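Here is the structure we will look at.
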Amino acid sequence: METSQTLITLDSLPIGARLLVRSKKDWRNAVISKIADEKVLLIVCSPLGRTYRLSRKADAEIIFDGKIPLLKIDSDENWRENFSICDIRW
C-alpha cells in the first residue's frame with residue numbers, strides 16, 4: 001500500500017471529515033460526528049444503506065493514501081482490494 005509519511009491523530013481532523021475505516025469484513029466510509037476529551041465518535045456506512053456508530057480513541061493514528069485518510073490498522077492490507085460498495089446517498 002502506498003502511503004505518505006504524514007501521520008496525524010483522529011482528533012486533529014474536523015467534525016464532518018470523511019475517512020475510511022476497517023470493519024470485520026471490509027473497508028467502509030465513515031464520518032467524524034463528535035470529538036470528546038479522549039474519544040471520537042464515527043458514523044460508519046454499511047453496504048445496505050444503514051449507519052452505525054463507532055467510538056475510537058482520540059489519539060488513534062490516521063495515515064493517508066494520497067489524499068484519502070485511513071484509520072491505521074496493524075496489517076498491511078490494501079483497502080482498494082476489499083472496499084465496500086455503499087448506498088449512493090453516501
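The values are calculated or read from the model by the stated rules, or taken from the named source; none is laboratory data. Worth saying up front: this structure is predicted, and the values here are computed from it rather than measured. Glycine gets a Cβ as well: all are built from the backbone with ideal geometry, and neighbour counts include every protein chain shown.
The table for this structure:
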{"item": "The stretch 28-79, subset among the hydrophobic types (A, V, I, L, M, F, W, C) and more than 19 Å from I8 (Cβ to Cβ), residue surrounded by the most Cβ atoms within 10 Å (Cβ to Cβ)", "result": "C45"}
{"item": "Scan of the stretch 31-90 for residues that are at pLDDT 90 or above, within 13 Å of V21 (Cα to Cα) and among the small types (G, A, S), ordered by number", "result": "S55, A60"}
{"item": "Selection status of L48, touching a Leu at 6+ places or on another chain (Cβ under 8 Å) and not aromatic (F, W, Y)", "result": "no"}
{"item": "Single residue of the stretch 9-27 satisfying the filter (in a loop (DSSP other than H, G, I, E, B) and hydrophobic (A, V, I, L, M, F, W, C)) that is surrounded by the fewest Cβ atoms within 10 Å (Cβ to Cβ)", "result": "I15"}
